[in-house]
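Everything below concerns the one structure shown next.
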Amino acid sequence: MSRRKGPSFEEQMEELTAIVDGVGREDCPLDELESRVRRAAELIRELRARLASTEVSVREVLDGLAADRRARDARPGATDVPPGGPAADGADEDEDEDDDDDGEDEDGEDDPED
């Protein structure tokens, strides 16, 4: 993943928050108001662009994963059971694994329910 040059998204958000807090105070110098508002608008545009770009990238990744799954599911014999899963050992999911009613689990321990 490439590193973006310049301030991070979080750093830009902190700057925007500081500007908004400063402009909202009664003691904000009028001579600085215009430049602060312009900088805030610039930050908002940059942050929106970064969010939109990230959204596109995330959607592309998710769409790729969905396409992979559709391709896998379209293959004959495709199942949701991973290799080596329950279907691989031939065991029927509905069968009780300890049918002998000897009061012991498969590991030889006493079964408190029996």
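Only the coordinates and a few stated rules stand behind these numbers; no lab work does. Here the structure is a predicted model, which means the values were calculated and not measured. Backbone-built Cβ (ideal geometry, glycine too); neighbour counts: all protein chains shown.
Here are some notes:
- Pair-distance profile P(r), taking every C-alpha pair of the range 1-51, with 10 angstrom steps and integer %: 24, 49, 21, 6, 1
- Percent of C-alpha pairs per 5 Å bin, the range 28-79, short to long: 4, 17, 11, 11, 9, 8, 9, 6, 6, 5, 4, 4, 3, 2, 0
- Each peptide among 15-27, 35-47, 64-76 gets the average number of other Cβ atoms lying within 10 Å of its residues, and from highest to lowest they stand as 35-47, 15-27, 64-76.
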